[in-house]
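S.K.: Input: one structure, supplied below.
The values are calculated or read from the model by the stated rules, or taken from the named source; none is laboratory data. Note that the coordinates shown come from a computational prediction; the quantities given were computed from them, not determined experimentally. Cβ sites come from the backbone with ideal geometry, for glycine too, and all protein chains shown count toward neighbours.
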Amino acid sequence: MNLPRNPASEPLVWLVWGIPAATVVAGVATFWIATHGADPTVSDPIDKRGLAISQRAGRDERARALEISGSLASERSADAIRFTVALTGAAGAFSSPPMLRLSHPARPEADRVLRLVAAGEGRWSASTTAGDATTTRWMLAVETPDWRVDVPGLHRFGTTERVRFGMAAK
C-alpha cells in the first residue's frame, strides 16, 4: 500500500516555497534598516588629485586649537528660518566672517551655505527661505576658510531649536 508523503519532507517544496518566503523576509528587514538606521552622509571637504585622495582635517584641528565653541538657535517664521550663532574663541579666530553650512543628508545639490552677519557681542545671524528645510533633517557646521566646527546631531527646523557645539558641548 502506498501512503501519502508529508510535503515538509520533500526538498522540492522547500525550494518552491521556502526560498521566496526567505527573500520576502530579508527584503522587509532591509527596508526597515534603510528607513530607520541610515547613517548620515560625510560632508567633510575632500580633495582629489590624480589617484590620491586627501581629506583636509586641518580645519577641525585648527578649531580645537582656537577653542571655538558656541551655541546656535533657529527660529522659523511663515516663510523663512532665522539662525543666531553665538561664538567664542581665541584671539584672531574670527578674522574672516563665519559661515553656516546646511548639508542635506541625501541630496548635495540642496546644500546651503549662509554667510553670517555680525550682530554684536560675539553674535552672528543669517536667514534662509524655509522651503524643504522644515521637512528634512540637516547636518550643520560653522566654518571659516581657516577652521570648521560641526554642530552635533541632525536638525529639523520646524520649531525653535537651540544647540551647543564645540568646546561648549562637552
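S.K.: Among (1) over 13 Å from the mean Cα position of the chain (by Cα); (2) part of a strand (DSSP E or B); (3) within 30 Å of Thr35 (Cα to Cα), where does Leu154 come up short?
M.R.: For Leu154, the exception is condition (1).
S.K.: Follow-up question, since we're still on this one. For segment 73-96: of the residues being hydrophobic (A, V, I, L, M, F, W, C) and in a loop (DSSP other than H, G, I, E, B), which is nearest to Arg123 (Cα to Cα)?
M.R.: Phe94
S.K.: Filter segment 100-142 down to residues that are surrounded by fewer than 18 Cβ atoms within 10 Å (Cβ to Cβ), on the phi < 0 side of the Ramachandran plot, outside any loop (DSSP other than H, G, I, E, B) and out of contact with any Pro (no Cβ under 8 Å at 6 or more places or on another chain), then give me how many there are.
M.R.: Going through segment 100-142 one residue at a time, the tally reaches 13.
S.K.: Just a yes or no: is a residue in segment 54-69 in contact with a helix residue (DSSP H, G or I) (Cβ under 7 Å, 6 or more places away or on another chain), modelled with pLDDT of 65 or more and either farther than 21 Å from Leu100 by Cα or not hydrophobic (A, V, I, L, M, F, W, C) (or both)?
M.R.: yes
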